[in-house]
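**Student:** Here it is, the structure in full.
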Amino acid sequence: MSRRVEPVASSTVEEERDLLARDRALLALRGLGHAFGRRTVLEGLDLEVQRGAIVGLLGPNGSGKSTALALVAGLLPIRRGSVTFDGEEMHRGGAGARARFGVVFQQPSLDEKLTGKQNLSLYAQIHGIGGASGAQRGLAEAKAVGLGERLQDAVKTYSGGMKRRLDIARALLPEPELLLMDEPTAGLDEHSFR
């Protein structure tokens, strides 16, 4: 009597990797700290952010919130602690991982001489989203933040809240896995951030 052996379950390396990725934090900060000269502005920050989570850093002015975001975004060197994004240590370069971030700074990072459409187009090209695809995504994000009708206007004619919304649309354009926002509601009216 012979028996036939059949596999109960099989998985590929990619499936195993996907399972592991779902279990680990998308962003992990361990003992993160920073000093400007002798003045310590951030010390011992531990934080894990899971995929799909919305996390806010709360604290008084000068408590290190913006510094923490600057460290994660790569604007400041990581000298104390570690930042890991999707399993990759950020102090070892992390340029590839950081390309998967969207960042909205405290002050808008827009070219005020350009129109809203030109700002979005430029950012799309920087992220390798050219032509019709970049234009469509830019328009979709602009409409999502309520600026679809003002895209042909120079950014210098926008109000502070409109600049903030365009900056958010710009950061969302490449469909980032992680969106970092410093003072996320600054310049926005209550209706805009609901």
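The values are calculated or read from the model by the stated rules, or taken from the named source; none is laboratory data. Note that the structure is a prediction, hence the values are computed from the model and not measured. Quick reminder, even Gly has a Cβ in these numbers, built from the backbone with ideal geometry, and neighbours come from all protein chains shown. Calculation scope for accessible area: heavy atoms of the full protein, side chains included, ligands and nucleic acids excluded. Shrake-Rupley method; radii C 1.70, N 1.55, O 1.52, S 1.80 Å.
**Student:** Straight-line reach only, C-alpha to C-alpha below 20 angstrom: list the lysines that Lys113 could link to, leaving out same-chain residues fewer than 8 apart.
**Tutor:** Within the straight-line cut-off, Lys113 pairs with Lys156, Lys163.
**Student:** Now for a separate question. On the full set of protein chains, 1.4 Å probe, figure out the accessible area of Ser66 and give it in Å² to the nearest 10.
**Tutor:** 50
**Student:** Taking 7 Å along the Cα-to-C-beta vector as the label spot, tell me the Arg39-Glu177 distance in nanometres, rounded to one decimal.
**Tutor:** 3.6
**Student:** So which lysines pass the test for Lys65, namely a Cα distance under 17 Å, with those fewer than 8 places away in the same chain ruled out?
**Tutor:** Candidates past the 8-residue exclusion: nothing left.
**Student:** At what distance in nm do the modelled label points of Gln106 and Glu48 sit from each other, each positioned 7 Å from its Cα along Cα→Cβ?
**Tutor:** 3.0
**Student:** Round to a whole number: what % of the accessible area of the stretch 25-105 belongs to carbon and sulfur, probe 1.4 Å?
**Tutor:** Taking all protein chains in place, the stretch 25-105 shows 53 percent carbon and sulfur surface.
**Student:** Then there is this: Rounded, prolate or oblate, given the Cα gyration tensor of the stretch 124-194, with a/c below 1.5 counting as rounded?
**Tutor:** Oblate, because a/c is 1.5 or more while a/b does not exceed b/c.
**Student:** At 7 Å along the Cα-to-beta-carbon direction for both Glu89 and Leu75, put a label point, then send me their distance in nm to one decimal.
**Tutor:** 2.6
**Student:** Per residue, how many Å² of accessible area does the stretch 63-188 show with a 1.4 Å probe?
**Tutor:** Computed with neighbouring chains in place, this is 49 Å² per residue.
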